[in-house]
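J.: Provided herewith is a single structure, encoded as structure tokens, for subsequent inquiry.
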């Protein structure tokens with residue numbers, strides 16, 4: 001899952017939000033020294049990734065990509081699933097997405113002091129350039145994926161992967177709509193972010 005889904009799966013406080021987004025920025029971080037709620041959020045992020053990576057629907061979706069792009073399928077699906085989450089937001093959450101997004105950007109800005117520098121730099125760009133707006137339409141989503149491709153430090157054929165998503169769009173959307181509620185239930189059962197973890 002990508003940034004939006006990890007944020008949506010967090011508890012409604014800045015510590016959980018930071019922890020649930022920290023998984024991609026842990027290099028050099030003293031995990032043992034984190035605030036307990038940040039650490040619990042990080043555990044939730046990792047449980048989300050494990051469940052996602054091992055889920056049969058996700059594995060099947062990755063296998064549908066061409067051999068030359070399959071190694072990047074997980075990255076593409078992470079971003080695509082954020083797109084589907086926005087598209088079907090009201091099916092999963094009561095708050096309108098535009099209101100949630102505005103609140104999320106506000107909370108991210110408040111939580112900047114809790115973030116390691118690389119994470120803070122990325123989250124500043126997320127807020128400043130309204131990344132989640134670019135996930136809402138397929139052309140902009142394709143541009144976002146191509147931007148990720150340009151940041152890869154070795155020769156790759158990731159660029160243009162949207163051309164493999166479009167013909168499979170409906171099937172991938174149905175996969176997501178089946179998968180996401182299962183992920184929500186799984187995390188609820190794990191209860192990694194318990195109410196008894198104090199600030």
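The values are calculated or read from the model by the stated rules, or taken from the named source; none is laboratory data. Small disclaimer: the values here were computed from a predicted structure and weren't measured. Counting neighbours? That spans all protein chains shown, and the Cβs are built from the backbone with ideal geometry, glycine included.
J.: Based on what the data block shows, is residue 154 more than 18 Å from the chain's Cα centre (by Cα), surrounded by 14 or more Cβ atoms within 10 Å (Cβ to Cβ) and part of a loop (DSSP other than H, G, I, E, B)?
T.: Working: more than 18 Å from the chain's Cα centre (by Cα): yes; surrounded by 14 or more Cβ atoms within 10 Å (Cβ to Cβ): no; part of a loop (DSSP other than H, G, I, E, B): yes.
Judged against the criteria, residue 154 is not a match.
J.: Can you find, within the stretch 13-28, the residue that is farthest from residue 73 (Cα to Cα) among those that are outside any helix (DSSP H, G or I) and at pLDDT below 95? Reasoning before the result, please.
T.: If we filter the stretch 13-28 for residues that are outside any helix (DSSP H, G or I), which is where we start, we get 13, 26-28.
Checking the rest, the ones that are also at pLDDT below 95 come to 26-28.
On the way: 26: 22, 27: 23, 28: 27 Å.
Only one residue fits best here, namely 28.
J.: Out of all the residues in the stretch 74-90, is one or more farther than 18 Å from residue 2 by Cβ and modelled with pLDDT of 95 or more? Steps first, please.
T.: So in the stretch 74-90, the residues farther than 18 Å from residue 2 by Cβ come out as 90.
Add one more test, that the residue is modelled with pLDDT of 95 or more, and what stays is 90.
Yes, the stretch 74-90 contains a residue that is farther than 18 Å from residue 2 by Cβ and modelled with pLDDT of 95 or more.
J.: Moving to a separate point now. Could you check, for the stretch 166-181, whether at least one of its residues is surrounded by 15 or more Cβ atoms within 10 Å (Cβ to Cβ), closer than 24 Å to residue 26 by Cβ and either out of contact with any strand residue (DSSP E or B) (no Cβ under 7 Å at 6 or more places or on another chain) or in contact (Cβ under 8 Å) with a residue 24 or more places away in the chain (or both)?
T.: The answer is no; no qualifying residue exists.
J.: Let me ask something else about it. Return yes or no: is residue 82 touching a residue at least 12 places away in the same chain (Cβ under 8 Å), surrounded by 19 or more Cβ atoms within 10 Å (Cβ to Cβ) and either assigned to a helix (DSSP H, G or I) or in contact with a strand residue (DSSP E or B) (Cβ under 8 Å, 6 or more places away or on another chain) (or both)?
T.: On the way: touching a residue at least 12 places away in the same chain (Cβ under 8 Å): yes; surrounded by 19 or more Cβ atoms within 10 Å (Cβ to Cβ): yes; either assigned to a helix (DSSP H, G or I) or in contact with a strand residue (DSSP E or B) (Cβ under 8 Å, 6 or more places away or on another chain) (or both): yes.
Judged against the criteria, residue 82 is a match.
J.: Also: What is the residue count in the stretch 183-199 for residues that are exposed (fewer than 12 other Cβ atoms within 10 Å of the Cβ) and part of a helix (DSSP H, G or I)?
T.: 3
J.: Taking the stretch 109-151, which residues are in contact (Cβ under 8 Å) with a residue 60 or more places away in the chain, outside any helix (DSSP H, G or I) and within 17 Å of residue 78 (Cα to Cα)? Spell out how you get there, then give the answer.
T.: First pass over the stretch 109-151, keeping only residues in contact (Cβ under 8 Å) with a residue 60 or more places away in the chain: 110-111, 114-116, 118-119, 122-123, 126, 131-132, 135, 141, 144-145, 148-149.
Subset that is outside any helix (DSSP H, G or I): 115-116, 135.
Once the filter is applied, which keeps residues that are in contact (Cβ under 8 Å) with a residue 60 or more places away in the chain, outside any helix (DSSP H, G or I) and within 17 Å of residue 78 (Cα to Cα), the stretch 109-151 yields only 135.
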